[in-house]
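**Student:** Questions regarding the structure given below will be posed in turn.
The values are calculated or read from the model by the stated rules, or taken from the named source; none is laboratory data. Because the structure is a prediction, the values reported are computed rather than measured. Heads up, the Cβs are rebuilt from the backbone with ideal geometry, glycines too, and the neighbour counts pull from every protein chain shown.
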Amino acid sequence: MVSNKRTIILLLSLILAGVSYSSANVLVMNGLTHELVALQGEVKKGIIELKNVSESPQSVQLYQRDYWYSYNGENRHDEPGTLERSNAKWININPNFVTIQPNETINVEYEIKVPSVDSLIGSYWSVIMVEGITPPDTTESERGIKINTVIRYAIQIITNIGDTGERNLSFVDFDLSKQENHTELAVAMENIGERLLRPEVSVELFNTDGESQGTVKAEQRKLYPGTSAKVYLDLSRLKAGSYSGILIADCGDDYVFGSNLTLDIKDE
């Protein structure tokens, strides 16, 4: 009796920043965020450094997508050029397909040609996807499901037009909740300007006597124009009671946004 064999390919998108990331076989050595400053009509070049750390040749393909996300958890990788602030059509990748030999490091070049259009201001972005190609497995399987895992990286390519573009941020939602072992304040923010922001969010809280209870900071997030995200502030050190607070989102270069808060933390 011949049993069914199915192959499931799992695509895992990694949208993180850092120095080196592993897909078990191929490393992206020079980070997943490439940011540059250019003026209208300029040409900029960059590289994606890939290393094969396995003992067999590895093939990868490179292609483009737009990237958008919301604080409610939605994120999209649309066709290149879909977003109003996409720079995907400015970018040329060469080559789009590579095979990397064991322990070899290669550079894939890309070129950005910024259009000579005076109306371009602020930040434009898209992603270059780097996806492993898994050859078909022709071995027989006795039973069950055979799983092949393919890792795909999304390298964010950001083009800032000089120092142009309005910086503006809006607080759109606050949610105070009790987690398993701590109280947490979730703050949702939206970039309503024209320039990429990296807000550092903190809150200083005061008790009913006006005494400061210290400052709590959240992990920094990146916000493209028209995107939104949540940050989380751990308030577990606060006792039950009423507090007033000053919430600050510091985006650097004297661009600081704030909001007053009133919180009621209850014993549960």
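**Student:** Could you give me the residue pairs with C-beta distances under 6 Å whose first residue belongs to the range 24-38 and is of a type in the set (S, T, N, Q), whose second residue is part of a strand (DSSP E or B) wherever it lies, and which are 6+ apart or on separate chains?
**Tutor:** What qualifies is ASN25/GLN58; ASN30/GLU49; THR33/GLN156.
**Student:** Can you pull out the residues in the range 215-268 that are of a type in the set (Gly, Ala, Ser) and either closer than 30 Å to VAL127 by Cα or assigned by TED's automatic domain parsing to the domain that holds TYR67 (or both)? I'd like the intermediate steps shown before the answer.
**Tutor:** Filtering the range 215-268 for residues of a type in the set (Gly, Ala, Ser) gives 218, 226, 228-229, 236, 240-242, 244-245, 249, 252, 258-259.
The answer is ALA218, GLY226, SER228, ALA229, ALA249, GLY252.
**Student:** Residue by residue through the range 93-114, note down the ones that are more than 25 Å from GLU194 (Cβ to Cβ) and within 22 Å of the chain's Cα centre (by Cα).
**Tutor:** ILE93, VAL108, GLU109
**Student:** Turning to a different aspect of this structure: When only residues in the range 158-197 that are surrounded by 18 or more Cβ atoms within 10 Å (Cβ to Cβ) and of a type in the set (Lys, Arg) count, which is farthest from TYR110 (Cα to Cα)?
**Tutor:** Out of the qualifying residues, it is ARG167.
**Student:** I would also like to ask the following. Considering only residues of the range 68-97 that are closer than 24 Å to ASP173 by Cβ and of a type in the set (Gly, Ala, Ser), which is surrounded by the fewest Cβ atoms within 10 Å (Cβ to Cβ)?
**Tutor:** Ranking the qualifying residues of the range 68-97, first place goes to GLY73.
**Student:** What are the pairs, 6+ residues apart or on separate chains, where a residue within the range 245-268 that is at positive phi has its Cβ under 9 Å from a residue that is surrounded by 11 or more Cβ atoms within 10 Å (Cβ to Cβ) and part of a strand (DSSP E or B)?
**Tutor:** Final answer for the pair search is GLY252/LEU197; GLY252/GLU200.
**Student:** Let me ask another. Does the range 93-103 contain any residue that is in contact with an Asp or Glu (Cβ under 7 Å, 6 or more places away or on another chain) and either among the aromatic types (Phe, Trp, Tyr) or under 18 Å from GLY31 (Cα atoms) (or both)? Explain how you work it out, then say what you get.
**Tutor:** Kept after step one, since they are in contact with an Asp or Glu (Cβ under 7 Å, 6 or more places away or on another chain), are these residues of the range 93-103: 94, 102.
After this cut, where a residue has to be either among the aromatic types (Phe, Trp, Tyr) or under 18 Å from GLY31 (Cα atoms) (or both) as well, the list is none.
No: zero hits.
**Student:** In the range 164-214, how many are within 23 Å of the chain's Cα centre (by Cα) and of a type outside the set (Asp, Glu)?
**Tutor:** Start the filter on the range 164-214 by keeping residues that are within 23 Å of the chain's Cα centre (by Cα), which leaves 164-175, 184-202.
Add one more test, that the residue is of a type outside the set (Asp, Glu), and what stays is 164-165, 167-172, 174, 185-189, 191-193, 195-199, 201-202.
Number satisfying all stated conditions: 24.
**Student:** Let me ask something else about it. In the range 247-262, how many residues are among the β-branched types (Val, Ile, Thr), within 27 Å of the chain's Cα centre (by Cα) and either part of a loop (DSSP other than H, G, I, E, B) or within 16 Å of ALA186 (Cα to Cα) (or both)? First the steps, then the outcome.
**Tutor:** Initial filter on the range 247-262 (among the β-branched types (Val, Ile, Thr)): 248, 256, 262.
Cutting the leftovers down to within 27 Å of the chain's Cα centre (by Cα) gives us 248, 256.
Subset that is either part of a loop (DSSP other than H, G, I, E, B) or within 16 Å of ALA186 (Cα to Cα) (or both): 248.
Selection size over the range 247-262: 1.
**Student:** While we're here: What about SER54, is it farther than 20 Å from ILE157 by Cα, modelled with pLDDT of 95 or more and not assigned by TED's automatic domain parsing to the domain that holds PRO225?
**Tutor:** no
**Student:** VAL231 is checked against (1) among the hydrophobic types (A, V, I, L, M, F, W, C); (2) closer than 25 Å to ASN160 by Cβ; (3) in a loop (DSSP other than H, G, I, E, B) and fails just one. What number does that condition carry?
**Tutor:** Single failed check for VAL231: (3).
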